[in-house]
Amino acid sequence: CPPLGLETLKITDFQLHASTAKRYGLGAHRGRLNIQAGVNENDFYDGAWCAGRNDPYQWIEVDARRLTKFTGVITQGRNSLWSSNWVTSYRVLVSNDSHAWTAVRNESGDVIFEGNSEKEIPVLNMLPVPLVARYIRINPRSWFEEGSICMRLEILGCPLPDPNNYYHRRNEMTTTDNLDFKHHNYKEMRQLMKTVNKMCPNITRIYNIGKSNQGLKLYAVEISDNPGEHEVGEPEFRYIAGAHGNEVLGRELILLLMQFMCQEYLAGNPRIVHLIEDTRIHLLPSVNPDGYDKAYKAGSELGGWSLGRWTQDGIDINNNFPDLNSLLWESEDQKKSKRKVPNHHIPIPDWYLSENATVAVETRAIIAWMEKIPFVLGGNLQGGELVVAYPYDMVRSMWKTQDYTPTPDDHVFRWLAYSYASTHRLMTDARRRACHTEDFQKEDGTVNGASWHTVAGSINDFSYLHTNCFELSIYVGCDKYPHESELPEEWENNRESLIVFMEQVHRGIKGIVKDVHGKGIPNAVISVEGVNHDIRTGADGDYWRLLNPGEYVVGVKAEGYTAATKTCEVGYDMGATRCDFTISKTNLARIKEIMKKFGKQPISLSMRRLRQRARQWRQQ
C-alpha cells in the first residue's frame with residue numbers, strides 16, 4: 001500500500017495526536033517523515049514529535065478518518081543539529097474507535113518492531129499481516145540511551161472504498177490526462193523520450209548536452225515547429241530538473257509535460273499549438289542522473305532527506321556556478337577601481353575555467369548549453385518546499401545570512417514568480433500548512449532567494465549575470481520523492497503553472513538590430529533607461545527583453561555603430577512589443593573600412609604632421 005500522506009501533508013495536523021509533547025514545536029503535528037527543523041529549532045518549528053516523558057506509555061496516533069488496510073510503518077529520529085534522539089523499538093496498535101486498542105501480534109505475543117539506529121535514515125517495518133482499522137498508534141518501547149523519545153513517521157495503508165462518505169469523494173483528486181504516471185529510471189526516461197519523439201516527430205528532437213560523472217548522457221527534448229534550428233525572432237525557453245538527484249518530482253513533471261504537449265498539439269489545442277509555433281522550448285529532466293540513480297534504488301520513502309542530492313563526486317550542482325555577484329558588487333563599490341565589470345554578460349573568472357577548479361562535469365555541460373543557446377527565460381524545478389524563489393540568491397552584505405537582495409529587474413522577477421505561484425493549486429492557498437519551517441504566504445508563495453538563505457554561485461544569479469536568461473527556482477512540492485500514486489495529483493497541481501510560466505517568455509519587448517543594408521548586428525547592447533542591467537543581441541541581431549507593462553526608453557549601441565534610442569510601450573495583453581532598430585556605422589568605422597579595402601591603414605594626425613615638417617625641411 002502507498003503512504004497515507006504524513007510527508008505530503010494529505011494527513012492534516014488535526015489527524016495526528018500524541019500522549020504528551022515536550023513543547024508545542026515538538027507536538028504530534030511535527031512527527032512527519034523527513035520534516036526539517038528550523039535553524040533555531042524554536043518553539044514552533046522543530047524536527048519531530050518528542051514525548052513529554054521518557055517511559056513506555058507514550059504514543060503517537062494517526063486518524064485515517066476511514067477504514068484503512070494498514071500494511072507498514074516507516075520511522076526516523078529527530079531532525080536536529082544539536083541533539084540526537086530516536087526510538088530503537090516500538091509496538092503498533094490499531095483501533096476503530098480510539099478507545100479499544102489491539103496490538104499487532106504473532107505466535108509469541110505482541111510484536112516489538114526494530115526502530116532506528118541513527119536519526120536520519122528511514123527504517124521500514126511491514127506488519128506481519130495487513131490490519132483493517134481507522135486509527136493506528138505507535139508505542140515506543142526503547143530509545144537512544146543518551147536521548148529521549150522522538151520520532152518522525154509515515155504510515156503505509158490502503159483506504160477502503162466508502163461510496164457513502166461525501167467528504168472523501170470530494171477531496172479525491174483525479175486527472176483526465178492519459179499520461180504515464182510512474183517513476184522512470186534512466187533507461188525508462190530515455191525510452192519515454194523516444195516514444196514522444198515518435199508520436200510527434202515534426203515538433204520534437206532529442207539531444208544531449210554532455211555527460212555525467214558516471215558517463216550517463218544528459219538528455220534534453222526540444223519542442224518547436226522547426227526543431228533543431230533557432231528561428232530569428234523566436235524566443236527560447238528552458239525547464240531543467242534534477243540538479244539535486246533526489247528531488248524527483250520535478251523530473252517526472254517535465255516528462256509528463258513533454259507527453260502532454262505532444263498529445264495536445266496532435267489534438268489541435270490552440271493554446272499549445274500557438275505556444276509551440278511561437279517558442280523554442282527545451283526540457284532537460286535530469287541534470288544529475290547519477291544522484292537520481294542512488295535515490296531511485298532506495299525508493300520513494302526510504303532515501304531520507306539527502307540520499308542522491310549531490311553528484312557522484314559530492315558537488316551540489318545548484319550552487320556550483322561562478323560567483324559573479326561579488327565581482328559586480330566590488331566593482332560598483334570601488335568606483336575608482338581600474339577593473340570595470342559590466343552589468344551584464346560578466347565573463348567567467350579564469351580560476352573557474354582551470355582543470356583544478358572544483359566544478360562538476362554536469363555544471364560545465366550546463367554552462368556550455370547556456371552559452372550556446374540564447375535562452376530568454378528558464379525555470380529549474382526543485383523539491384522539498386512549495387514556493388518560487390527569484391534572484392538574487394546571494395546577500396550583498398558579507399555580515400548577513402538573510403537579506404532581501406533585489407536585482408535591477410526585481411519587479412519583473414516578482415511577476416514571473418507570481419505567475420507560477422498564483423496558478424498553482426496550493427502555493428497561494430492561505431489555508432495550507434507550511435511544509436517545514438517557512439510560511440511563504442505573506443509573499444503569495446514567492447520569495448527572494450537571498451531573503452530566504454544566502455547562496456553563492458547559484459544557477460539563477462549566474463544565468464542573470466552571464467547570459468540574457470532570467471532564471472527562477474520553482475519548488476514544486478513538500479515531498480522531494482513522492483510515491484508514484486501521488487503523481488496524478490501533483491501533475492494537476494502544477495500543470496497550469498508550467499504552461500503559464502512558459503507563456504511569460506512572450507512578455508516585454510523584442511526586435512532585430514540591423515545595419516542600413518538590413519543585416520543583423522550580433523552582440524549589440526540593449527539598455528532600458530532606469531534599469532541597470534543590459535542584454536545583448538544574438539548571432540542574427542535578434543533580441544528579447546522581459547519587461548512588465550509600461551513605457552520604456554530603449555537604447556542600442558554596438559562597436560563601430562552610432563547609438564540609437566526609441567520609446568517602446570509594453571501592453572497588458574500577452575505578446576512582446578516589436579521594437580526594431582536600424583543603426584549606421586560611425587564615420588571612423590567607415591574610414592577604417594575603406595582604408596582596409598584598399599590595403600592602407602589610417603595614419604594618425606601626429607605622424608602626418610611630422611612627415612609634413614620633414615618634407616618642408618628637405619625643401620629648404
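Going through L218, L192, L249, L253 one at a time, which residue ends up being closer than 24 Å to K480 by Cβ and in a strand (DSSP E or B)?
Checking each option against the conditions leaves just L218.
So if I check each of V232, V196, V273, V221, which one is over 30 Å from G511 (Cα atoms) and either among the aliphatic types (A, V, I, L, M) or not assigned by the TED database to the domain that holds E492 (or both)?
Going through V232, V196, V273, V221 in turn, the sole match is V196.
Say whether the condition of being outside any strand (DSSP E or B), closer than 30 Å to L307 by Cβ and of a type in the set (F, W, Y) is met by at least one residue in the range 72-90.
For the range 72-90, residues outside any strand (DSSP E or B), closer than 30 Å to L307 by Cβ and of a type in the set (F, W, Y): present.
Within the range 203-231, work out how many residues are closer than 18 Å to I281 by Cα, open to solvent by 50 Å² or more (accessible area, probe 1.4 Å) and among the polar types (S, T, N, Q).
2
Can you name every residue in the range 105-129 that is under 19 Å from G299 (Cβ atoms) and in a strand (DSSP E or B)?
Result: F113, E114, V123, L124, N125, M126, L127.
Taking N523, is it assigned to a loop (DSSP other than H, G, I, E, B) and either open to solvent by 40 Å² or more (accessible area, probe 1.4 Å) or not β-branched (V, I, T) (or both)?
In short, yes.
Regarding the range 83-97, can at least one residue be identified that is out of contact with any helix residue (DSSP H, G or I) (no Cβ under 6 Å at 6 or more places or on another chain), open to solvent by 30 Å² or more (accessible area, probe 1.4 Å) and under 19 Å from C158 (Cβ atoms)?
yes
When you look at V359, is it surrounded by 12 or more Cβ atoms within 10 Å (Cβ to Cβ) and part of a loop (DSSP other than H, G, I, E, B), yes or no?
yes
Could you please find all residues in the range 301-315 being at negative phi and open to solvent by less than 30 Å² (accessible area, probe 1.4 Å)?
Of everything in the range 301-315, those that are at negative phi and open to solvent by less than 30 Å² (accessible area, probe 1.4 Å) turn out to be E301, G303, T311, I315.
May I ask you to list pairs of residues, at least six apart or on different chains, whose Cβ atoms are under 6 Å apart, with the first in the range 486-514 being without any contact (Cβ under 8 Å) to a residue 60 or more places away in the chain and over 24 Å from D177 (Cβ atoms) and the second being among the charged types (D, E, K, R) and buried (at least 21 other Cβ atoms within 10 Å of the Cβ)?
Close Cβ pairs (under 6 Å, with a partner that is among the charged types (D, E, K, R) and buried (at least 21 other Cβ atoms within 10 Å of the Cβ)) do not exist here.
Could you tell me which of the residues P161, P140, P122 is open to solvent by 60 Å² or more (accessible area, probe 1.4 Å) and either farther than 20 Å from G5 by Cα or of a type outside the set (A, V, I, L, M) (or both)?
P161
Give me the pairs, please: first residue somewhere in the range 184-203 and farther than 11 Å from C262 by Cβ, second residue anywhere and open to solvent by less than 40 Å² (accessible area, probe 1.4 Å) and among the charged types (D, E, K, R), beta-carbon distance under 9 Å, and either six or more positions apart or on two chains.
Within 9 Å, the pairs are H184/R251; H184/E252; M189/R251.
I'd like the full set of residues that are part of a loop (DSSP other than H, G, I, E, B), under 20 Å from E503 (Cβ atoms) and either open to solvent by less than 30 Å² (accessible area, probe 1.4 Å) or of a type in the set (G, A, S) (or both), limited to the range 549-577.
The answer is G571, G575, A576.
Find the residue count for the range 331-356, including only residues that are over 20 Å from N460 (Cβ atoms) and either open to solvent by 70 Å² or more (accessible area, probe 1.4 Å) or among the hydrophobic types (A, V, I, L, M, F, W, C) (or both).
12
Quickly run through the range 456-507 and pick out the residues that are open to solvent by 10 Å² or more (accessible area, probe 1.4 Å) and touching a Cys at 6+ places or on another chain (Cβ under 8 Å).
C478
Identify the residue in the range 433-455 that is of a type in the set (A, V, I, L, M) and either closer than 14 Å to N318 by Cα or open to solvent by less than 10 Å² (accessible area, probe 1.4 Å) (or both) and, among all such residues, is modelled with the highest pLDDT.
Among those residues, the one meeting the criterion is A450.
For the range 380-476, list the helices (runs of 4 or more DSSP H) that sit wholly inside it and hold at least 1 residues that are more than 25 Å from I348 (Cβ to Cβ); which are they?
410-421, 449-452
I'm trying to understand the selection: among the residues of the range 392-419, which are of a type in the set (D, E, K, R) and either open to solvent by 40 Å² or more (accessible area, probe 1.4 Å) or under 15 Å from L377 (Cα atoms) (or both)?
R396, K400, D403, D409, D410, R414
If a residue must be touching a helix residue (DSSP H, G or I) at 6+ places or on another chain (Cβ under 7 Å) and charged (D, E, K, R), how many such residues does the range 236-250 contain?
0
The values are calculated or read from the model by the stated rules, or taken from the named source; none is laboratory data. Treat the numbers as computed from the prediction; the structure is a model and nothing was measured. A quick note on method: Cβ atoms are made from the backbone with ideal geometry, for glycine too, and the neighbour counts reach across all protein chains shown. All accessible areas refer to the heavy atoms of the entire protein, side chains included, with ligands and DNA or RNA removed. Shrake-Rupley method; radii C 1.70, N 1.55, O 1.52, S 1.80 Å.
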